[in-house]
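A short worksheet on the structure shown next.
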Amino acid sequence: MVQPFTYSGLPTRVRFGWDMLGEVAEEIRRLNCSRALVLCTPQQEQDARNLAEQLGNLAVGLFPGAAMHTPVQVTKQALALMNQLGADCTIALGGGSTIGLGKALAWRLDTPQIVIPTSYAGSEVTPILGQTEGGRKTTVSDPKILPETVIYDVNLSATLPVPMTVTSGMNAMAHAVEGLYAKERNPIVSAMALEGIAALARALPALVEKPDDQKARGDALYGAWLCGMVLGQVGMALHHKLCHTLGGTFNLPHAETHCVVLPYAIAFNAVAAPELLRPVGEIFGDSHDPGAALQAFARRLGAPTSLRDLGMPEDGIEKAVAIATQNPYWNPRPLVEDDLRDLITRAWSGARIGE
Ligand code: NAD
């Protein structure tokens, strides 16, 4: 039965397709801009340089220094380059790290952003920026941070290595899963969440088999977009807070941490929201135990299975429990210290769910 709800759509213009880089010039002009700074990580410099060359006079420079967790120091360097070149917009070509840099610049300058996502992190359709300074990661939400235009080019996502395809796809699914039981959930967001999870559930096994499968790459990027939309529209709960805490405290890799923790977080919350999570279990073949079903799916794809393997020390478990319980936040199941300790301990060792 439909319940009363509130829905606010986000105004990002989205273009999705194959071989989309030829459309970037038109999108720059559409924003009334003419002097773009292209952003990327050192690893994707060649692709970004090709794009800048293709844009000719519309691109005034390239900043290949984007880094994980958006260090403010890096943002300041890019800011100086923007001012020096008189850039009037940014083009972020890359994953969540590069997109984070574009957002950090837009938050400070209110310059329009074109984003060309090449991973499945979903940051491109959210008004949220996470940045680090002095070893602390803080999050800010502001309409200025939401990118104006997103261009999904399936071909660019095809170079994502298989392990990251899996972990990044699981990172996307995490947004959708938490959207299903979010306090502000609504029928549109829930429909997007389930469509996104289903698209990724189809695509990831096919991509492990054949990483350049164009149809599966299309499904994965489409699913990632939908999951990102969920993240941008409703609040997240235990899973995201836990990953934020673990990633920040022990410097764990972002997508991999989401990938390990998600099945445990689902199993934990399924006790409190079984009906809302039942469709997730159905997608992965076990409607009664969605956490176990998702864990089995991830293991079949060769995903990382424990926080220990990601480098978290065992004596960090108590610290993680303390931080996670220090700052209470909304979750469908109450966060009791002993239960959280059990969850984190099991995720640390990679225990099988349901055993
Ligand atoms: P990433 O952007 O750090 O990418 C990891 C590496 O993969 C980088 O070297 C990158 O250049 C490379 N890469 C990306 N796409 C590639 C491709 N198609 N081919 C080859 N190499 C490729 O990792 P990520 O998981 O995409 O993003 C993680 C960051 O995004 C974190 O800092 C996280 O906090 C942030 N994030 C923010 C939000 C938000 O809404 N604010 C949402 C999700 C993630």
Applied in sequence order to segment 260-266, the curve 6.51 cos²θ - 1.76 cosθ + 1.60 (Karplus, θ = phi - 60°) yields integer Hz couplings, x standing for Gly and Pro, of 5, 6, 3, x, 5, 5, 5
Farthest positive-ward along the chain dipole, Cα basis, beta-carbon charges - from A172, A322, S8:
S8
Cross-link candidates for K241: which lysines have Cα within less than 16 Å, leaving aside residues fewer than 8 places away along the same chain?
K137, K183, K319
So for segment 239-355, using the alpha carbon gyration tensor with a ≥ b ≥ c as root eigenvalues (a/c under 1.5 gives rounded; past that, a/b versus b/c decides prolate or oblate), I'd call it oblate
With +1 assigned to the C-beta of every Lys and Arg and -1 to the C-beta of every Asp and Glu, and no other charges, what is the dipole magnitude of the chain about the Cα centre in debye, to the nearest 20?
420
Starting from segment 225-331, pick out the GluC sites (Glu not before Pro) whose DSSP state is loop and whose Cβ has at most 15 other Cβ atoms within 10 Å.
E314
Over the chain, give the accessible area per residue in Å² for a 1.4 Å probe, as an integer.
41
Under 8 Å for C-alpha pairs, at least 6 residues apart: give me the relative contact order for the chain, rounded to a whole percent.
14
Compute the acute angle (0 to 90°) between the alpha-carbon long axis of helix 96-109 and the principal axis of greatest extent of the alpha-carbon atoms of the chain; round to the nearest 10°.
60
Where a ≥ b ≥ c are the square roots of the eigenvalues of the C-alpha gyration tensor, would you call segment 123-206 rounded, which needs a/c under 1.5, or, failing that, prolate if a/b is larger than b/c, or oblate?
oblate
The percentage of the accessible area of segment 102-254 (probe 1.4 Å, all protein chains present) made up of carbon and sulfur atoms, to the nearest whole number, is 57
Percent relative contact order of segment 261-353, based on C-alpha pairs within less than 8 angstrom and at least six residues apart?
35
Would you please name the trypsin sites (Lys or Arg not before Pro) within segment 146-202 that are DSSP coil residues with at most 10 other C-beta atoms within 10 Å of their C-beta?
K183
Which is farthest toward the positive dipole end of segment 18-94 among P42, Q73, G56, measuring Cα position about the Cα centre, with Cβ charges +1 (Lys, Arg) and -1 (Asp, Glu)?
Q73
With a cut-off of at most 16 other beta carbons within 10 Å, and DSSP calling the residue loop, which GluC sites (Glu not before Pro) in segment 140-241 qualify? Please list them.
E184
If exposed chymotrypsin sites (Phe, Trp or Tyr not before Pro) are those in a DSSP loop with at most 16 other Cβ within 10 Å, what is the longest stretch of the chain that has none?
19-328
Shape call for the chain, from the Cα gyration tensor axes a ≥ b ≥ c (a/c under 1.5 means rounded, otherwise prolate when a/b beats b/c, else oblate), comes out prolate
Counting Lys and Arg as +1 and Asp and Glu as -1, each charge on the Cβ, what is the dipole of segment 296-355 about the Cα centre in debye, to the nearest 20?
340
Over the chain: helical MRE at 222 nm, DSSP H runs n ≥ 4 each giving -39500 (n - 2.57), nearest 500:
-17000 deg cm²/dmol
Net charge near A199 (other residues with Cβ under 12 Å of its Cβ; Lys, Arg +1; Asp, Glu -1) is +1
Scanning the chain, every Cys lacking a C-beta partner under 4.7 angstrom -> C40, C227, C243, C259
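The values are calculated or read from the model by the stated rules, or taken from the named source; none is laboratory data. All values reported here derive from a predicted model rather than from experimental measurement. Neighbour counts are summed over all protein chains in view; Cβ atoms, including those assigned to glycine, are modelled from backbone coordinates with ideal geometry. Surface accessibility is based on the protein's heavy atoms, side chains included, excluding ligands, DNA and RNA. Shrake-Rupley method; radii C 1.70, N 1.55, O 1.52, S 1.80 Å.
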